[in-house]
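To keep things clear, I will list the structure first and then write my remarks on it.
The values are calculated or read from the model by the stated rules, or taken from the named source; none is laboratory data. Quick caveat, the model's predicted, so the values are computed rather than measured. FYI the Cβ positions are ideal-geometry reconstructions off the backbone, even for glycines, and counts take in every protein chain you see. For the accessible areas, the whole protein counts, side chains as well, though only heavy atoms, and no ligand, DNA or RNA atoms are used. Shrake-Rupley method; radii C 1.70, N 1.55, O 1.52, S 1.80 Å.
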Amino acid sequence: MPDKTLRIPTPDGLADAFATFPDDGAPHRGVLMYADGFGIRPVLRDLARELAAHGYYVLVPNFFYRHGPAPVLDLPAFIGEAERPSVFARLMPMIEAHTPELVLRDAGAYLEFLAAQPEVSAGPVAVTGYCIGGLLAARTAEAHPGQVAAVAAFHAPVGAASLSRITAEAHFGHAESDLTPEALGELNRTLDAAGLSYTSEIYPGTVHGFTMADTDAFDPAGLQRHWERLLPLLDRIG
């Protein structure tokens, strides 16, 4: 499975990125994958490689590139309860500085770059993301309906306002600690009213960050459920 480190031209400079894709010489459907707030690191590369093994070209941009190349933060190998306060103290200013305006400015550049890669087939792409990256995925899908055919967000801080204008087919996998059944029902009623083609569910027994194997939030069953929802969704875009 070939890997590449790339530089994506954006209106504000060059965003470094990680890409991986099947080594068969054929073009494959593109997937833009947004990392969680901890950024590009071994566990994200592993997720991207596993997805690529199913026949996709996966591009993972460093959306914090304005603060430097990945890894932007010097992270511990395992992020547990003891490590979280110091990590979040450094992380939150970057998240707060990454405004919706910057998100959308970058999203267009990422999609344009992805579509131009010789290993990517013509046609619409998919966007997926984790945690804050799930919100970025939703905003990207909303802003580029003609280019994004599918979107998936996992343990993401998404609400009705950031989802109801999406036209792509969607899946939202919520952590049990992030959303009550009542809040889920309210969210899904809004999505129904918007006519969105979607699935939206709470993954039982999970806490925020359940897909990330380098944190104490990791839940193997939650990660497996994520693949069981994500792969069929992507298969439907060709």
Evaluated at 25 °C and 0.890 mPa s, the Stokes-Einstein D of the range 140-238 based on the Kirkwood radius over Cα pairs, in µm²/s, stands at 177
How far, in nm, would the chain grow between D192 and S121 when pulled straight, counting 0.36 nm per residue and subtracting the alpha carbon separation? 22.4 nm
Say a paramagnetic label sat at a point 7 Å from the Cα of L231, along Cα to Cβ; which residues of the range 38-71 have their backbone N under 13 Å from it? 50-56
Segment S164-A77, extension gain: residue separation times 0.36 nm, minus the distance between their alpha carbons: 27.6 nm
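Quick check for me: using +1 on Lys/Arg Cβ and -1 on Asp/Glu Cβ, what's the dipole size of the range 110-238 about its Cα centre, in debye to the nearest 20?
Here the range 110-238 has a charge dipole of around 320 debye.
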Rounded if a/c is under 1.5, else prolate if a/b beats b/c, else oblate: with a ≥ b ≥ c from the C-alpha gyration tensor eigenvalues square-rooted, which is the range 31-105? oblate
Spatial separation of Cα centroids for the range 185-238 and the range 133-166, in angstrom: 13
Would you mind checking the range 145-172 for residues with the amide N under 19 Å from a putative spin-label position 7 Å along Cα→C-beta of D46? 154-155
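Would you compute, from DSSP H runs of 4+ residues alone, the mean residue ellipticity of the chain at 222 nm, taking -39500 (n - 2.57) per run and dividing by the full residue count, rounded to the nearest 500?
-11500 deg cm²/dmol
Return one whole number: the accessible area per residue of the chain in Å², for a 1.4 Å probe.
Working: 9890 Å² over 238 residues.
Accessible area per residue: 42 Å².
Determine, from the Cβ-Cβ distance of A53 and E112 and an R0 of 30 Å, the FRET efficiency 1/(1 + (r/R0)^6), rounded to the nearest 0.05.
FRET efficiency, A53 to E112: 0.70.
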Among rounded, prolate and oblate, which fits the range 72-221 when a ≥ b ≥ c are the square roots of the eigenvalues of its C-alpha gyration tensor, a/c under 1.5 means rounded, and a/b larger than b/c means prolate? oblate
Could you look at the chain and say what percent of its accessible area is carbon and sulfur, using a 1.4 Å probe and all protein chains? 56
Please list the non-local residues whose amide H lies under 5 Å from the amide H of S200, H modeled 1.01 Å from N, same-chain partners needing a gap of 5 or more. F172
For M1 and E182, what is the calculated FRET efficiency with R₀ set at 35 Å and r taken between the beta-carbons, to the nearest 0.05? 0.25
Karplus couplings for the range 83-88 from phi (6.51 cos²θ - 1.76 cosθ + 1.60, θ = phi - 60°), rounded to Hz, Gly and Pro as x? 8, 4, x, 6, 5, 5
